[in-house]
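First up is the structure itself, then whatever we jot down about it.
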Amino acid sequence: MAKLVVANWKANLTEFSIFNFQFSMKTTVAIAAPFPFINRLQEGMIRAAQDVSRFKNGAYTGEVTAEMLKSLKVQYCLIGHSERRKYFNETKEIIEEKIKRLLEEEIIPIVCAQNETEIPKQVRDDMVIMYEPAEAISTENNFHPEDPEKVAKVVDNWKNKFKTKVLYGGSVNAENVKNYLAADGFVVGRASLNLEEFEEILKALEGRE
Ligand code: PGA
């Protein structure tokens, strides 16, 4: 089955024009752009978001709601990323509310978890889970991915238990992506910021030159 590869740009990129993507159809690629860029992704590109409000539309200054994302044709949304849990104090309760908002708009939550206890009870088989230990996230040009055997174990276990797609995230790049084929796909941060680098990952996955 085609892998799902999600480019998570995080809070990066201000110059957008270089991203004129042409992707092969062998891999499903979704771009989790920062909110201001979502509507500038080219036609046909699968749109994802990095976060959503726990609230429905209303007097919540600064919030971006699931209904708004839906109107921008967003299909996936990362939820509970370890960076959001750490820097924005996202609790399980908040994460559950966000998942509810997304499901109301038929946007697929990509629930990010470092371990099983971070996976909310609401998870059902039409959602996606991403396994990413925080210490595997790339730092300042250093990639330090999780041990592939450990990843394969966790992925198989979660796939069996939750019947969802399970992605792996954490320092994925063109050199190491093939070590993680047990996963149904990947969430790629740093290596998705540069188009050539990102394409190398897709080529490695698809066996293209
Ligand atoms: P990284 O980030 O690929 O830069 O490690 C992935 C993520 O945290 O989504």
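Descriptive notes on the structure:
- Neighbours by Cβ (under 7 Å, 6+ apart or cross-chain): first from region 97-115, charged (D, E, K, R); second at pLDDT below 95: none
- For region 57-87, the set of residues classified as among the acidic types (Asp, Glu) and either touching a Pro at 6+ places or on another chain (Cβ under 7 Å) or farther than 29 Å from Pro133 by Cα (or both) consists of Glu67 only.
- In region 1-92, counting only strands (runs of 3 or more DSSP E) that sit wholly within it, the ones holding 2 or more residues that are at pLDDT below 95 span 28-32.
- Of all residues assigned to region 102-116, at least one qualifies as being within 17 Å of the chain's Cα centre (by Cα), within 11 Å of the ligand (Cβ to nearest atom) and part of a strand (DSSP E or B).
The values are calculated or read from the model by the stated rules, or taken from the named source; none is laboratory data. Here the structure is a predicted model, which means the values were calculated and not measured. Cβ atoms come from the backbone with ideal geometry, glycine included; neighbour counts cover every protein chain shown.
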